There are 2 protein chains.
Amino acid sequence: MRKVAVIGVGMVKVDHHWKESLRSLFTKAAINALEDAGNPDVEALYVGNMSAGQFNKQENLAPMLADALGLGSKPSLRVEEGCSSGAAALYMALKDVASGMHDFVLVGGVEKMMDTTTSDATFIISTVTDQEYEAFTGLSLAGINAMVMRLYMKKFGVKRESFAKFVVQMHENASKNPYAQFPFKISLDKALNSAPVAEPIHLMDCAPIGDGAAALIICPAEKAKEFTSDQVDIVGAWKANDTFLFHMRKDFLSLKATIEASRNAYDMANITPEDVDVAEVHDSFSIAGILAIEDLGFVRKGEGWMAVEEGLISLDGEIPINPSGGLKARGHPIGATGIYQAAEIVLQLRGDAGKRQVPDARIGLSHNTSGFGTSAIVHVFKAK
Amino acid sequence: MRKVAVIGVGMVKVDHHWKESLRSLFTKAAINALEDAGNPDVEALYVGNMSAGQFNKQENLAPMLADALGLGSKPSLRVEEGCSSGAAALYMALKDVASGMHDFVLVGGVEKMMDTTTSDATFIISTVTDQEYEAFTGLSLAGINAMVMRLYMKKFGVKRESFAKFVVQMHENASKNPYAQFPFKISLDKALNSAPVAEPIHLMDCAPIGDGAAALIICPAEKAKEFTSDQVDIVGAWKANDTFLFHMRKDFLSLKATIEASRNAYDMANITPEDVDVAEVHDSFSIAGILAIEDLGFVRKGEGWMAVEEGLISLDGEIPINPSGGLKARGHPIGATGIYQAAEIVLQLRGDAGKRQVPDARIGLSHNTSGFGTSAIVHVFKAK
């Protein structure tokens with residue numbers, strides 16, 4: 001297996017892009033990544049996307065986007081894995097380069113969600129959970145997260161304020177990120193007292209819907225230096241699944257897929273969680289962000305909320321989490337999210353993250369899940 | 001790169017499966033394949049599916065199906081590429097095994113289309129073409145194929161009877177296939193005089209909608225003999241794209257992606273089209289079947305219809321096409337079609353195809369396209 005490097009990243013601001021199509025959004029992100037990489041001749045395209053069929057009435061995405069990018073007959077494939085479609089595309093592309101199949105590969109994610117009503121979008125998002133036994137009954141992802149948050153609060157004696165502090169931190173980070181959908185700070189009071197969605201979850205606990213696209217260029221590590229002096233290697237990658245039906249799980253507060261994916265990715269990278277300098281984790285809801293910090297091994301189970309209160313996750317903390325602002329404030333254009341996370345980590349490890357730069361970041365991690373932790377994909381990155 | 005073999009195939013009859021869910025259909029096909037292979041311990045799952053989001057309001061398919069199959073935390077991914085989603089899943093899975101990433105991989109396809117009205121299904125299928133410039137205007141795939149058929153008839157002086165003869169042959173084959181949706185013969189008169197859909201295309205020129213699932217077990221060729229004495233190797237595989245927008249093509253009668261994918265697959269397999277003993281080609285419409293025969297290099301451009309008239313494509317002809325009955329009569333449960341094709345070729349090369357067995361088949365080919373030849377994936381198989 002060959003070592004793989006990222007040599008280019010491209011993003012568009014997560015936003016309501018009224019005037020852009022799914023195609024033009026993706027093309028812009030891809031061109032940014034190509035330019036950032038010094039325009040190598042890419043050989044294949046992987047696209048992560050959750051539900052262009054439902055959101056945009058467009059399937060067969062990969063050949064469409066390959067054509068828009070002028071890639072001619074070069075192979076292209078779309079990967080779908082709900083909310084982790086972006087990371088899934090990277091996971092596939094990585095294997096192509098690691099195995100020697102291709103050298104220069106463009107991997108991106110895109111989702112255009114805002115041309116849909118919020119209630120339709122909420123339904124579409126719920127189709128990543130079990131349609132026959134969960135979504136069909138009207139149980140949304142906010143509903144599942146609300147039950148888990150309630151249980152967490154009861155088990156560990158935590159109040160809603162602790163979750164609101166996580167949200168405030170995410171907005172603090174996003175206020176320094178030009179790609180963020182909501183680049184402004186919010187008060188604890190606002191985070192705490194926004195409209196209720198599914199008690200104890202309020203609006204500010206939820207990642208927003210948004211339009212976005214992000215892209216990476218990857219290649220064999222030994223060829224990277226021809227294109228960049230800021231090479232970042234992908235040194236660990238793993239994907240694991242959990243029970244699809246939420247109610248069949250033995251432990252509602254531990255996300256097994258995250259635990260297993262991260263342990264294997266750490267082993268592959270030959271590191272421990274303590275070695276990670278910066279992480280982008282899947283905080284689709286504030287409770288999901290807290291659980292991720294625990295299940296990735298950064299703190300012990302039940303102590304994620306304390307890590308927030310003690311400032312460990314802030315940009316200059318011991319384990320800075322989501323310098324981009326996370327799904328919560330950078331935004332969560334679903335199929336693109338995993339690529340936004342990877343792109344942010346690459347910028348951080350290159351020292352190119354501007355005002356939101358984490359000091360001396362050498363090892364970074366991205367963590368993208370689908371459903372309520374139905375599957376998890378973890379990538380570990382290392383500055384060359 | 002390691003050589004890869006198919007050691008198990010499983011299919012369910014293409015049908016209107018009122019009482020089966022998408023999950024149960026897929027699970028049945030997968031269990032059939034696992035049993036056929038002698039129940040190896042599979043390490044990963046790939047699923048081809050076009051549009052469970054639109055048809056079944058279910059995304060995040062791969063973890064759902066992995067869970068249903070008891071695969072625990074093992075990695076699973078869904079691949080979407082319109083009508084060629086099945087072959088795309090095989091194309092990805094093949095790389096995993098060829099590269100040494102995994103040994104035993106389950107790759108399947110599934111689509112449950114019949115719980116939708118025909119007009120809704122027609123619209124959903126049209127979302128594999130360009131939504132902004134084609135589908136949005138109301139141009140269905142039947143419409144595109146009708147224009148091409150008209151052009152073909154004019155350019156090569158062909159009558160509708162020639163296409164009807166192709167249809168009759170497909171039903172003749174399907175009448176011997178227990179997995180076929182329409183396992184009965186039809187008369188030339190019926191093929192010719194069915195209800196018009198988009199002139200000159202009539203109902204019998206169109207592949208039907210249907211529910212179906214099929215699966216394969218693949219592994220490194222050197223490990224195959226522990227599990228089967230009927231090993232079939234995949235000796236060539238290629239994917240190519242064409243211009244996404246139909247009207248931007250220079251030649252409406254040649255499918256560039258098919259030409260390029262097959263040439264590269266032949267080169268990889270070190271064969272010529274003449275060496276192919278049996279092929280399953282993408283005949284979503286009778287005209288598409290005729291073009292495929294030409295673009296795969298079995299006959300010259302403009303002579304596909306003659307190959308049908310002269311009996312070359314029949315089971316005992318020079319180049320037997322679609323012994324299964326093809327998309328036309330075996331059925332076209334979209335995301336599963338590419339896997340049905342591959343499974344049929346494997347059965348043929350094993351000599352297990354029963355009444356529809358092609359004599360002495362040693363080398364077989366499957367050909368799956370998306371949109372109107374927007375992309376094409378060709379696999380070449382060889383009996384060990």
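The values are calculated or read from the model by the stated rules, or taken from the named source; none is laboratory data. Just so it is clear, the structure is predicted and the values come from calculations on it, not from any experiment. Virtual Cβ from ideal backbone geometry, glycine too; neighbours counted across all protein chains shown. In case anyone asks, the SASA skips ligands and DNA or RNA and just uses the protein heavy atoms, side chains included. Shrake-Rupley method; radii C 1.70, N 1.55, O 1.52, S 1.80 Å.
For the range B:136-169, which positions are within 14 Å of chain A (Cβ to nearest Cβ) and open to solvent by less than 10 Å² (accessible area, probe 1.4 Å)?
If we filter the range B:136-169 for residues that are within 14 Å of chain A (Cβ to nearest Cβ), which is where we start, we get B:136-141, B:144.
Result: B:Ile144, single match.
Among the listed residues B:Asp36, B:Asp41, identify the single one that is more than 7 Å from chain A (Cβ to nearest Cβ), in contact (Cβ under 8 Å) with a residue 24 or more places away in the chain and touching a Gly at 6+ places or on another chain (Cβ under 6 Å).
Working: B:Asp41 fails: touching a Gly at 6+ places or on another chain (Cβ under 6 Å).
Only one candidate passes the filter, namely B:Asp36.
Scanning the range B:1-15 for residues that are open to solvent by 50 Å² or more (accessible area, probe 1.4 Å) and more than 13 Å from chain A (Cβ to nearest Cβ), which turns out modelled with the lowest pLDDT?
Within the range B:1-15, the first condition is being open to solvent by 50 Å² or more (accessible area, probe 1.4 Å), and the residues that meet it are B:1-3, B:13, B:15.
Subset that is more than 13 Å from chain A (Cβ to nearest Cβ): B:3, B:13, B:15.
Values: B:Lys3: 95, B:Lys13: 98, B:Asp15: 98.
Filtering first and then ranking leaves B:Lys3.
Please work out which one of (1) crowded, with 24+ Cβ neighbours inside 10 Å; (2) free of Cβ contacts under 8 Å to residues at least 60 places away in the same chain; (3) aliphatic (A, V, I, L, M); (4) more than 7 Å from every other protein chain (Cβ to nearest Cβ) is the condition A:Val97 fails and give its number.
Every listed condition holds for A:Val97 apart from (2).
Output the number of residues of the range A:227-247 satisfying the condition of being more than 13 Å from chain B (Cβ to nearest Cβ) and either of a type in the set (Ser, Thr, Tyr) or farther than 12 Å from A:Ala5 by Cα (or both).
Looking only at the range A:227-247, we keep the residues that are more than 13 Å from chain B (Cβ to nearest Cβ), and these are A:227-236.
Add one more test, that the residue is either of a type in the set (Ser, Thr, Tyr) or farther than 12 Å from A:Ala5 by Cα (or both), and what stays is A:228-229.
Within the range A:227-247, residues that are more than 13 Å from chain B (Cβ to nearest Cβ) and either of a type in the set (Ser, Thr, Tyr) or farther than 12 Å from A:Ala5 by Cα (or both) number 2.
Which residues, taken from the range A:117-134, are surrounded by 18 or more Cβ atoms within 10 Å (Cβ to Cβ) and out of contact with any Gly (no Cβ under 8 Å at 6 or more places or on another chain)?
Looking only at the range A:117-134, we keep the residues that are surrounded by 18 or more Cβ atoms within 10 Å (Cβ to Cβ), and these are A:121, A:124-131, A:134.
Across the range A:117-134, the qualifying residues are A:Ala121, A:Ile125, A:Ser126, A:Asp130, A:Gln131, A:Glu134.
Looking at the range A:78-87, is at least one residue touching a residue at least 60 places away in the same chain (Cβ under 8 Å), more than 8 Å from chain B (Cβ to nearest Cβ) and in contact with a Cys (Cβ under 8 Å, 6 or more places away or on another chain)?
Taking every residue of the range A:78-87 in turn, none turns out to be touching a residue at least 60 places away in the same chain (Cβ under 8 Å), more than 8 Å from chain B (Cβ to nearest Cβ) and in contact with a Cys (Cβ under 8 Å, 6 or more places away or on another chain).
Which fully enclosed helices (runs of 4 or more DSSP H) of the range B:38-142 have 2 or more residues being modelled with pLDDT under 95 and over 25 Å from B:Ile377 (Cα atoms)? Quick ask: steps written out before the conclusion?
Working: elements: B:52-56, B:61-68, B:85-98, B:118-126.
Where helices (runs of 4 or more DSSP H) fall fully within the range B:38-142 and carry at least 2 residues being modelled with pLDDT under 95 and over 25 Å from B:Ile377 (Cα atoms), they are B:118-126.
Looking only at the range A:59-70, count every residue that is facing chain B (nearest Cβ under 7 Å) and surrounded by fewer than 24 Cβ atoms within 10 Å (Cβ to Cβ) and tell me the total.
Total meeting the criteria: 1.
Which one is surrounded by the fewest Cβ atoms within 10 Å (Cβ to Cβ) among residues in the range A:25-56 that are farther than 12 Å from A:Ala213 by Cα and charged (D, E, K, R)?
Filtering first and then ranking leaves A:Asp41.
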